[in-house]
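The values are calculated or read from the model by the stated rules, or taken from the named source; none is laboratory data. Keep in mind it's a predicted model, so treat the numbers as computed, not measured. Cβ: placed from backbone, ideal geometry, glycine included. Neighbour counts: every protein chain shown. With ligands, DNA and RNA removed, areas are computed over all heavy atoms of the protein, side chains included. Shrake-Rupley method; radii C 1.70, N 1.55, O 1.52, S 1.80 Å.
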Amino acid sequence: MDLTNFPWLTTIIILPIVASLLVFVIPDKDGKTIRWFALTVGLIDFVLIVYAFYQGYDLNNPDLQMVESYTWIPDIDLKWSVGVDGLSMPLILLTGFITTLAIMAAWPVTLKPRLFYFLMLAMYGGQIAVFAVQDMLLFFLVWELELVPVYLILSIWGGKRRLYAATKFILYTAGGSLFILVGALTMAFYGDTVTFDMSAIAQKDYGLNLQLLLYGGFLIAYGVKLPIFPLHTWLPDAHGEATAPAHMLLAGILLKMGGYALIRMNAGMLPDAHAVFAPILIILGVVNIIYAAFTSFAQRNLKRKIAYSSISHMGFVLIGIASFTEIGMSGAMLQMISHGLIGASLFFMVGATYDRTHTLMLDEMGGVGKSMKKIFAMWTTCSMASLALPGMSGFVAELMIFIGLATSDAYGTTFKVIMVSLAAVGVILTPIYLLSMLRELMYGPENKELVSHSKLIDAEPREVFIITCLLIPIIGIGLYPKIVTQIYDSTTNQLTALLRNSVPSLVETKIADKTENQFVALQAPTID
């Protein structure tokens, strides 16, 4: 059977969405059949993603692959157009992996299980679509569609202030999406042809002033999702009220959508404007790192502490995107993948701890490691990964970004020294607040009232399995990062070359070097 032309991407997107509709017709009384069905669908879809990757993806091809295009609404040139390259393929693999584990993490959910697993499966397909679609209008539609399940999961299964957190989430993200719609329509109707195809849009010759306006609008839209200071305030509230599965999806996938879109659209489609905005991105990245690290240090709520930690780590992505170096851009991609795994593991541990202690306040905890040795071991390992311990993925990603900025020839020495030094402050603060958190949570004298009123049962096999699945790639990438970097290197190297051609000083240097080399070649003796 010839599977070369099989529509893999369309199938991978549609399968969980169609399966989500079947949730309401499957006979079930207590939710056990539904959760097994959802997990089976998640596993099947993830296996299809892996199979399509190995069979149809060429590591050395920087361009779009596995392209599928079908006419949808011809009057406005709207097509169902999907494809993958080095920017999207690793994030699709990450989405399948994290979402499948999030479904498994949702095992204790008993409130409206049909609706919950329907939303989880629908979001599965929507998240993959965000990374795969190659049509600007379609991108806006799936970006918006993906917000609805998150809003409902927060507002129905969240904590005491869930409605406030869900409303704030939808207002911030939907408000930012307006900039995507306006930008997409502007780019589509600009020039002699009307098209929403991303490749065609990227080839249009926009004036610098228009590029700057479009870039600023997209930066606001994607800065909300990344999130970038000061557009970040929805995230601690959302994480503060979410359940463990929602945590894993928020930290593991949703934040990566902002970083992906910044690289795909801001940098890839508006390179001249990127050259102007790049120093601003680096400054915003440093602000993210330092501000969120200090704020996390001050948090007494466990969920909010990890939420601000996520904001801090995503600041490195901005620095890597704006470095104008291959290693810096590669580090930005690796940081998104690494943080997706580490963030999901930490928030899962928060959920597992809350299920046992029924509190999120560090002041009310203490000494629980004595009663829960497996939980203690998992917390410690995940925290070590988050503070970028050598041998784990976070260390490699952050090191690549630091090297990328420090060796960049697009910036002056003074600027680089200041930015690298300030970013290093965040690196120093991270182990301080994480190790302090571990000390208050696991070490020290037991809270007798907590121990007497709670059954501090150690981790069950399902929880150990989930954390093990997350730690294997975290450690694997830390020891051998090429296992991931080779997926996107050809694409990020091509993109970096495009961006460097948009920096006047770099172009002038290249021309000068080329002229000098030609002159030397003319003076060199010929060898018969």
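Considering only region 43-58, state which residues are surrounded by 14 or more Cβ atoms within 10 Å (Cβ to Cβ) and at pLDDT below 95.
Ala52, Phe53, Gly56, Tyr57
Suppose we filter region 477-506 for residues that are in a loop (DSSP other than H, G, I, E, B) and surrounded by fewer than 19 Cβ atoms within 10 Å (Cβ to Cβ); how many remain? Working first, answer last.
Filtering region 477-506 down to residues in a loop (DSSP other than H, G, I, E, B) leaves 480-481, 501-503.
Next, only the ones that are surrounded by fewer than 19 Cβ atoms within 10 Å (Cβ to Cβ) stay: 480, 501.
Total meeting the criteria: 2.
Can you run down the residue pairs with Cβ atoms below 6 Å, 6 or more apart or on separate chains, where the first is in region 357-383 and farther than 14 Å from Lys303 by Cα and the partner is among the β-branched types (Val, Ile, Thr) and in a helix (DSSP H, G or I)?
Close Cβ pairs satisfying both conditions: Met378/Ile467.
Given the options Leu456, Leu495, Leu434, name the one that is modelled with pLDDT of 90 or more, touching a Leu at 6+ places or on another chain (Cβ under 9 Å) and more than 30 Å from His274 (Cβ to Cβ).
Leu434
Tell me, please, whether a residue that is within 18 Å of Tyr222 (Cβ to Cβ) and assigned to a helix (DSSP H, G or I) can be found in region 296-306.
Taking region 296-306 first, the residues within 18 Å of Tyr222 (Cβ to Cβ) are none.
Looking for residues that are within 18 Å of Tyr222 (Cβ to Cβ) and assigned to a helix (DSSP H, G or I), one finds none in region 296-306, hence no.
Just to be sure, is Ser371 out of contact with any Pro (no Cβ under 9 Å at 6 or more places or on another chain), at pLDDT 90 or above and either farther than 30 Å from Lys416 by Cα or not β-branched (Val, Ile, Thr) (or both)? Give the steps one after another, and end with the answer.
Working: out of contact with any Pro (no Cβ under 9 Å at 6 or more places or on another chain): yes; at pLDDT 90 or above: no; either farther than 30 Å from Lys416 by Cα or not β-branched (Val, Ile, Thr) (or both): yes.
Answer is no for this residue.
Matching residues to (1) touching a Gly at 6+ places or on another chain (Cβ under 9 Å); (2) modelled with pLDDT under 90; (3) farther than 21 Å from His239 by Cβ:
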{"position": "Ala275", "(1), (2), (3)": "no, no, yes"}
{"position": "Ile283", "(1), (2), (3)": "no, no, yes"}
{"position": "Ile306", "(1), (2), (3)": "yes, no, no"}
{"position": "Ile311", "(1), (2), (3)": "no, no, no"}
{"position": "Gly320", "(1), (2), (3)": "yes, no, yes"}
{"position": "Val350", "(1), (2), (3)": "no, no, no"}
{"position": "Arg356", "(1), (2), (3)": "no, yes, no"}
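Which numbered condition trips up Leu226, out of (1) under 30 Å from Ala188 (Cβ atoms); (2) of a type in the set (A, V, I, L, M, F, W, C); (3) touching a strand residue (DSSP E or B) at 6+ places or on another chain (Cβ under 8 Å)?
All conditions are met except number (3).
Does region 326-349 contain at least one residue that is in a loop (DSSP other than H, G, I, E, B) and touching a residue at least 24 places away in the same chain (Cβ under 8 Å)? Steps first, answer last, please.
Here is the first cut: in region 326-349, the ones in a loop (DSSP other than H, G, I, E, B) are none.
Scanning region 326-349 turns up no residue that is in a loop (DSSP other than H, G, I, E, B) and touching a residue at least 24 places away in the same chain (Cβ under 8 Å).
Kindly indicate the residue of region 109-133 that is touching a Ser or Thr at 6+ places or on another chain (Cβ under 9 Å) and open to solvent by 20 Å² or more (accessible area, probe 1.4 Å) and also nearest to His247 (Cα to Cα) among those meeting that condition.
Among those that are touching a Ser or Thr at 6+ places or on another chain (Cβ under 9 Å) and open to solvent by 20 Å² or more (accessible area, probe 1.4 Å), it is Val109.
I need a count of the residues in region 67-84 that are open to solvent by 70 Å² or more (accessible area, probe 1.4 Å) and not in a strand (DSSP E or B).
The total comes to 3.
So which residues in region 357-383 are open to solvent by less than 40 Å² (accessible area, probe 1.4 Å) and either assigned to a helix (DSSP H, G or I) or at positive phi (or both), if there are any at all? It would help to see each step written out before you state the result.
As a first pass, look at region 357-383 and keep what is open to solvent by less than 40 Å² (accessible area, probe 1.4 Å): 357, 359-360, 362, 365-369, 372, 375, 378-380, 382-383.
Across region 357-383, the qualifying residues are Thr357, Leu362, Gly366, Gly367, Val368, Gly369, Ile375, Met378, Trp379, Thr380, Cys382, Ser383.
So Ile170 passes all but one of these: (1) farther than 24 Å from Ala246 by Cα; (2) open to solvent by 10 Å² or more (accessible area, probe 1.4 Å); (3) among the hydrophobic types (A, V, I, L, M, F, W, C). Which condition number does it fail?
Failed condition: (1).
Yes or no: region 472-479 includes at least one residue that is over 24 Å from the mean Cα position of the chain (by Cα), without any contact (Cβ under 8 Å) to a residue 24 or more places away in the chain and closer than 24 Å to Asp355 by Cβ. I'd like the intermediate steps shown before the answer.
Just the residues of region 472-479 that are over 24 Å from the mean Cα position of the chain (by Cα), to begin with: none.
No, the conditions are met nowhere in region 472-479.
Hey, which of the helices (runs of 4 or more DSSP H) in region 115-234, taking only ones fully inside, have at least 1 residues that are without any contact (Cβ under 8 Å) to a residue 60 or more places away in the chain and closer than 26 Å to Leu281 by Cα? Break it down stepwise before answering.
Details: elements: 136-157, 162-189, 198-202, 208-225.
Of the helices (runs of 4 or more DSSP H) lying wholly inside region 115-234, those with at least 1 residues that are without any contact (Cβ under 8 Å) to a residue 60 or more places away in the chain and closer than 26 Å to Leu281 by Cα span 136-157, 162-189, 208-225.
So if I check each of Ile306, Ile282, Ile319, which one is buried (at least 24 other Cβ atoms within 10 Å of the Cβ), over 26 Å from Leu435 (Cβ atoms) and β-branched (Val, Ile, Thr)? Break it down into steps so the answer makes sense when it comes.
Numbers: Ile306 fails: over 26 Å from Leu435 (Cβ atoms); Ile319 fails: over 26 Å from Leu435 (Cβ atoms).
Ile282 is the lone residue from the list that is buried (at least 24 other Cβ atoms within 10 Å of the Cβ), over 26 Å from Leu435 (Cβ atoms) and β-branched (Val, Ile, Thr).
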